[in-house]
1. Looking at the stretch 100-116, can you tell me whether even one residue there is over 18 Å from residue 184 (Cα atoms), within 15 Å of the ligand (Cβ to nearest atom) and either charged (D, E, K, R) or modelled with pLDDT of 90 or more (or both)?
2. Note down all Cβ pairs under 7 Å where the first residue falls in the stretch 160-177 and is within 8 Å of the ligand (Cβ to nearest atom), the second is among the acidic types (Asp, Glu), and they're at least six residues apart or on different chains.
3. Just to verify a result, which residue in the stretch 87-127, among those that are among the aliphatic types (A, V, I, L, M) and over 13 Å from the mean Cα position of the chain (by Cα), is surrounded by the most Cβ atoms within 10 Å (Cβ to Cβ)?
4. Considering only the stretch 20-35, state which residues are surrounded by fewer than 16 Cβ atoms within 10 Å (Cβ to Cβ) and either among the small types (Gly, Ala, Ser) or modelled with pLDDT of 90 or more (or both).
5. Within the group 184, 145, which residue is over 19 Å from the mean Cα position of the chain (by Cα) and under 19 Å from residue 119 (Cα atoms)?
6. Take the stretch 50-66 and flag every residue that is near the ligand (Cβ under 9 Å from one of its atoms) and on the phi > 0 side of the Ramachandran plot.
7. Residues of the stretch 155-171 being assigned to a helix (DSSP H, G or I) and surrounded by fewer than 18 Cβ atoms within 10 Å (Cβ to Cβ), which ones?
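The values are calculated or read from the model by the stated rules, or taken from the named source; none is laboratory data. What you are looking at is a predicted structure, and each value in this text was computed from that prediction instead of being measured. A quick note on method: Cβ atoms are made from the backbone with ideal geometry, for glycine too, and the neighbour counts reach across all protein chains shown.
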Amino acid sequence: MGVICWKFYFRDKFMRERDLKGLDLKTGSCTLRQLRAATNNFDSAGKIGEGGFGSVYKGKLSDGTLIAVKQLSPKSRQGNREFVNEIGMISGLQHPNLVKLYGCCIEGDQLLLVYEYMENNSLAKALFGSETSFLMLDWPTRYKICVGIARGLAFLHEESAIRIVHCRFFTETSKVQMYYWTKI
Ligand SMILES: Nc1ncnc2c1ncn2[C@@H]1O[C@H](COP(=O)(O)OP(=O)(O)OP(=O)(O)O)[C@@H](O)[C@H]1O
């Protein structure tokens, strides 16, 4: 049994490394050590969400930049291949209404994506969250949020170098920055 697990582990690791080598990444890379330091060793107190890939942690780099670190869970419904696709697709995309990808980290069995931190978390939490995350949004602000989302989607669908159809769009997938600047 142990030998089979060992074989699968190394097969997965090899395939992931092979997939990543083929990608022309237009993003930086971070070390696991940097991200451990930034997130206080992935302290559960700093966990800000859970998505299809796994947990998301708030962190602070040594230069003071706030970041959101997505950690691929070994039990992730989405697999290594989707993770690699996400890096490949979004690493080259830039738009004011897309969350910036600062870099990624592939070390040992850890797969991590590092994004700009969005102060007000997800739109879902702003609209339907608990007392601490709920935001009182007036109609002009809601309108501004909708326009931001529409601009981001229009960019992905029609303006970016590679056309991307966002198939999983929910209030959870849009993030709200300070002053209600919305990004997807
Ligand atoms: N950049 C960020 N800044 C602040 N909070 C974030 C950020 N990214 C994710 N989060 C929080 O983590 C949660 C999960 O995000 P995540 O992007 O992993 O999942 P998702 O939005 O469902 O998309 P997917 O799983 O398809 O990548 C979000 O709902 C939000 O609460």
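1. yes
2. none
3. Here the residue is 123.
4. Result: 22, 28, 29, 31, 32, 33.
5. Exactly one of 184, 145 is over 19 Å from the mean Cα position of the chain (by Cα) and under 19 Å from residue 119 (Cα atoms), namely 145.
6. Residue satisfying the conditions is 54 alone.
7. Those that are assigned to a helix (DSSP H, G or I) and surrounded by fewer than 18 Cβ atoms within 10 Å (Cβ to Cβ): 157, 158, 159, 171.
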